[in-house]
Structures are given as structure tokens and as C-alpha cells.
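Note sheet for the following structure.
The values are calculated or read from the model by the stated rules, or taken from the named source; none is laboratory data. Predicted model, so just to flag it, every value in this text is computed and none were measured. Cβ atoms come from the backbone with ideal geometry, glycine included; neighbour counts cover every protein chain shown.
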Amino acid sequence: MTRVLLTALLALFLLSAAGCGSDPAPTLAGHALLPADTFRGQDRVGFHIDPETHGRQAPFTGIPVQGFSSIIKVGEGEVLALQDNGFGTLANSPDYPLLWYRLQLDFDGGTVKLMRTVPLSDPGRFLPAEPCRPESVPYLYGADLDPESFALTSDKVVYIGEEFGPWLVVCDGLGRLLRVPFDVPVPEALKPYAKGNDFYRTPDHPDVRSDGARVQANLPRSGGLEGLALLPDEQHLVVAVEKALLDDPVADRRALLEFSLADQHFTDRAWFYRMDAADLSIASLEATGPHTLLLTERDGEAGPDAVIKRIYSLDLNVTDADGFLVKTLVCDLLNLDDTAGLTRPEAGAFGLGHPFAFPFVTPEGLAVWATDTLLVANDNNYPFSDGRRAGVPDDNEFILIALPAPVGK
């Protein structure tokens with residue numbers, strides 16, 4: 001029996017178990033999108049990707065508004081959306097400026113409006129590696145950092161979970177780095193599998209890719225800090241490492257780490273989380289209470305090939321007999337009720353209508369919209385991902401999911 005079939009059977013079992021009794025299922029309560037072909041400015045970007053992808057010609061005569069890797073609700077109908085490094089790798093994104101957006105979501109009209117952009121910059125020269133652009137260029141670009149998650153404190157300090165290092169990056173509300181990024185320590189229990197390193201290192205870390213480097217990567221590329229949650233007391237962050245250490249014999253094990261905002265360092269506290277399969281990735285992390293979180297798991301497929309796009313709840317105080325956090329299925333993003341008809345089936349499109357599916361390879365944005373409603377957004381990886389319509393670049397989609405009960409404690 002293949003892994004895909006086993007995974008599909010597990011998914012059916014979980015869904016049927018969740019559906020027992022009279023509790024209503026998670027329901028699509030809002031759907032808005034920013035078209036894939038949305039650009040800003042007149043800068044030409046995309047010189048380092050294939051010249052033609054899904055009918056789009058690179059380089060582009062404008063910066064695609066895409067790559068939403070994390071979202072924060074900041075006002076009535078408004079969110080901050082963190083952009084990742086651009087086109088996905090250090091090598092193909094040196095011309096892509098790093099930033100976050102302020103967006104207005106109109107679920108009545110189904111539209112998304114770009115309100116503001118905030119560029120990332122390093123005026124204090126805190127980054128451990130040389131900038132990919134000349135010093136005369138004030139901003140950071142997609143070969144400098146790969147931002148994948150962020151949190152905003154009440155005093156307007158922004159913490160960014162990053163994947164090239166991986167690092168925890170700290171900046172102000174204007175996107176300016178405030179200090180040298182924090183290295184991410186390997187939990188004590190995992191150090192036998194860390195290739196002699198005390199810290200996580202991907203192949204893109206400057207210590208790994210420097211000439212004559214003696215430090216080995218212990219994480220796969222694009223395996224760093226994908227989830228970051230600010231606990232309600234604003235005393236601690238919880239960060240999630242997307243993938244397992246290369247040498248970890250427990251391949252479905254993932255680590256969550258605690259960072260003290262008051263002391264500005266990682267504590268010795270860590271938790272372990274078991275994925276539904278070894279080759280899955282953590283896509284997002286969101287706090288719902290003093291010790292409760294939501295976590296998104298995803299596979300690497302999209303459209304009709306997608307099997308696992310799930311949101312689980314967990315309690316940092318509750319572990320099983322093996323020491324793993326206990327998780328409870330909150331919703332399956334591939335099987336949401338749309339009995340209200342917010343979307344309509346469409347020829348050539350996958351997942352519209354009832355049931356509704358969010359079939360994107362990277363459903364990376366997650367926020368609590370209301371006590372019983374979640375906001376989820378995709379990273380559309382423009383122009384590469386085509387989960388909704390084969391051969392057509394995905395839009396940036398935002399959905400509201402009404403849950404049968406409030407989340408968190």
C-alpha cells in the first residue's frame with residue numbers, strides 16, 4: 001500500500017471521526033482574493049527565474065504582490081501580510097525587495113485592497129552575511145533573508161521567523177533591523193542529530209556556504225522558522241521549526257521553541273510535535289490562549305493531488321505518553337462546507353462550490369479573526385503555483401472559516 005493511499009485513508013478516518021455526532025462542520029464564511037497578476041511600481045524583477053511560467057513572461061515590469069507567508073490582524077478588516085523572499089530561493093530572488101503589506105479585506109465584495117508597503121532594511125548592518133545588493137541600496141532583498149512568519153508586539157516591535165539561517169529577526173514598525181538576528185538553538189534532546197552544531201543551520205546559512213566552511217547544514221533547505229506565535233501576555237514567543245533535522249531518526253518529529261521577550265533570548269524550554277507523515281511541513285502557528293495554539297500541517301501537493309492541508313489545536317501543557325504534544329483536528333482545508341454558496345463550481349477549477357477546498361501547496365497565513373472564526377491565506381508563489389486552475393498562476397485567496405466552537409482556552 002503506497003504512502004499516498006495510507007495518508008488518504010488516515011484523512012478519511014480523521015474526518016469521519018470529527019464528523020460523528022451532531023456538531024456542525026467548519027464552514028466557509030468569507031472569500032476574497034487579490035488577483036495573481038497584481039503588480040506595484042515599475043521595478044523589473046524576475047531576471048533569475050525561467051523566462052516563461054504558466055503563460056507569464058519574466059522579467060516582470062513591476063513587483064508581483066505575492067508570497068504572503070504570514071498574516072496579522074491589525075484592525076477592522078485589515079491585516080499585515082508578510083512577503084517571503086520573492087521567488088522561493090536565495091539564488092533566484094536577489095532582485096526582489098523584502099517587505100510586508102497592509103491590506104484591507106472586503107469579504108462583502110470579495111476583494112483585497114493594497115493599503116501600504118513597509119520595506120525591510122538594515123541600516124545598522126546587523127545581518128551576519130554581506131548584503132546581496134551594494135551598500136548604496138538601503139533595503140533588503142530576497143537573497144538576504146527569507147521571512148516566513150512574524151508577530152507584532154503592542155510596543156510595535158516586529159519579530160520575524162526566517163528560513164535561510166534560520167534566524168529570529170527583530171525590527172521596528174518601519175521594517176528596520178534592530179539588532180543581530182538570533183541564532184536558533186537545537187533542543188538538548190536533538191543535539192545528537194545536529195551534526196555537532198548547537199544551532200540549526202540550513203544550506204543557505206553563511207557559515208555553511210562560505211569558502212572552506214567547516215559547519216555542516218543540519219536542516220534541509222527551506223526548513224527553518226515557518227511558524228511564530230506571540231502568547232497573549234507578550235512575555236514569550238513560540239517558534240516552530242518547519243522540518244526535521246536531517247539526521248533525526250524520528251522523521252515526523254518537529255520542534256517548537258520558547259523565546260523570552262523580556263530576556264531577549266531562547267529559553268531551555270522546547271516541545272515536540274508529531275506530524276501526520278514524515279514528509280509534511282509546518283505551515284503556520286497562531287496563539288489562541290496563554291498556552292494554546294493552532295498549527296497548520298501541509299503536504300507538498302496542490303489541486304486534486306493535495307491530501308493534507310489541516311489545522312490542529314494543541315495545548316503546551318498536554319503531552320502524550322511519548323512526550324509529544326497532543327493535537328486535535330480543527331478543520332481540514334480541503335473539505336469545508338460552502339452550503340451558503342459563497343463560491344460556485346467552475347469548469348477547469350478545483351475546489352470551488354460545496355464542499356469547498358483550499359488546495360494550495362502553501363496555506364501559510366493563519367490568524368484568529370473572531371473567537372470562533374479563522375482567517376487563512378495562501379502563499380501563491382507567483383508565478384509558479386497553480387493549485388486552483390491547472391496551468392494558471394494562483395490568486396492570493398483569503399478565506400474565513402466559521403468553527404463549531406471557539407478556539408483556545
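Taking region 262-328 as the region of interest, the strands (runs of 3 or more DSSP E) fully inside it that hold 1 or more residues being modelled with pLDDT of 95 or more and aromatic (F, W, Y) are 265-274, 309-319.
Within region 154-179, restricting attention to residues that are closer than 26 Å to D207 by Cα and of a type in the set (K, R), the residue that is surrounded by the fewest Cβ atoms within 10 Å (Cβ to Cβ) is R179. Filter region 242-261 for residues that are in a strand (DSSP E or B), small (G, A, S) and buried (at least 16 other Cβ atoms within 10 Å of the Cβ) and give the result. Hit for region 242-261 is A255, nothing else.
V368 meets all of the listed conditions (1) more than 17 Å from V112 (Cβ to Cβ); (2) assigned to a loop (DSSP other than H, G, I, E, B); (3) in contact with a strand residue (DSSP E or B) (Cβ under 8 Å, 6 or more places away or on another chain) but one, namely (2).
Go through the residues of region 291-313 one by one and say whether even a single one is of a type in the set (A, V, I, L, M, F, W, C), in contact with a strand residue (DSSP E or B) (Cβ under 8 Å, 6 or more places away or on another chain) and surrounded by fewer than 20 Cβ atoms within 10 Å (Cβ to Cβ). No, because not a single residue in region 291-313 is of a type in the set (A, V, I, L, M, F, W, C), in contact with a strand residue (DSSP E or B) (Cβ under 8 Å, 6 or more places away or on another chain) and surrounded by fewer than 20 Cβ atoms within 10 Å (Cβ to Cβ). Mind listing whichever residues of region 293-309 are farther than 10 Å from F360 by Cα and in contact (Cβ under 8 Å) with a residue 60 or more places away in the chain? Listed by number, the residues that qualify are L293, L294, L295, T296, V307, I308. Summed over region 165-180, residues that are over 22 Å from L366 (Cβ atoms) and either modelled with pLDDT under 95 or of a type in the set (V, I, T) (or both) total 1.
A single entry from D155, D204, D211 fulfils the requirement of being more than 21 Å from C132 (Cβ to Cβ), of a type in the set (D, E, K, R) and either assigned to a loop (DSSP other than H, G, I, E, B) or out of contact with any Ser or Thr (no Cβ under 8 Å at 6 or more places or on another chain) (or both): D155.
For region 76-95, indicate whether the set of residues that are crowded, with 16+ Cβ neighbours inside 10 Å, of a type in the set (V, I, T), in contact with a Phe, Trp or Tyr (Cβ under 6 Å, 6 or more places away or on another chain) and at pLDDT 95 or above is non-empty. The answer is no; no qualifying residue exists.
The C-beta contact set for region 312-328 (first residue basic (K, R), second residue modelled with pLDDT of 95 or more, distance under 8 angstrom, 6+ apart or interchain) comprises K327/Y273; K327/R274; K327/L295; K327/Y312; K327/S313; K327/L314. When you scan region 64-75, do you find a residue that is modelled with pLDDT of 95 or more, farther than 21 Å from D146 by Cα and of a type in the set (S, T, Y), even just one? No: zero hits.
On inspection, L375 passes the criterion of being in contact (Cβ under 8 Å) with a residue 40 or more places away in the chain and either assigned to a strand (DSSP E or B) or of a type in the set (S, T, Y) (or both).
Of all residues in region 182-196, those being within 19 Å of V250 (Cα to Cα) and either in a strand (DSSP E or B) or in contact with a His (Cβ under 8 Å, 6 or more places away or on another chain) (or both) number 1.
Please verify whether region 62-71 includes one or more residues that are part of a strand (DSSP E or B), free of Cβ contacts under 8 Å to residues at least 60 places away in the same chain and closer than 25 Å to E242 by Cα. Talk me through it step by step, then tell me what you get.
Start the filter on region 62-71 by keeping residues that are part of a strand (DSSP E or B), which leaves 62-64, 68-71.
Then keep just the ones that are free of Cβ contacts under 8 Å to residues at least 60 places away in the same chain; that gives 62-63.
Right, trim to closer than 25 Å to E242 by Cα and you get none.
No - not one qualifying residue is present in region 62-71.
Restricting region 94-128 to residues that are more than 22 Å from the chain's Cα centre (by Cα) and free of Cβ contacts under 8 Å to residues at least 12 places away in the same chain, the residue that is nearest to F398 (Cα to Cα) is D108. Checking each residue in region 111-128 for being outside any strand (DSSP E or B) and surrounded by 15 or more Cβ atoms within 10 Å (Cβ to Cβ) picks out L120, D122, F126, L127. In this structure, A36 qualifies as in a loop (DSSP other than H, G, I, E, B), surrounded by 16 or more Cβ atoms within 10 Å (Cβ to Cβ) and modelled with pLDDT of 95 or more. How many residues, within region 318-328, are among the aliphatic types (A, V, I, L, M), surrounded by fewer than 16 Cβ atoms within 10 Å (Cβ to Cβ) and in contact with a Leu (Cβ under 8 Å, 6 or more places away or on another chain)? Qualifying residue count for the region: 2. Within region 129-143, if we keep just the residues that are over 22 Å from S284 (Cα atoms) and surrounded by 13 or more Cβ atoms within 10 Å (Cβ to Cβ), the residue that is farthest from the chain's Cα centre (by Cα) turns out to be R133.
Of all the residues in region 206-241, those that are in contact with a Lys or Arg (Cβ under 9 Å, 6 or more places away or on another chain) and hydrophobic (A, V, I, L, M, F, W, C) number 6.
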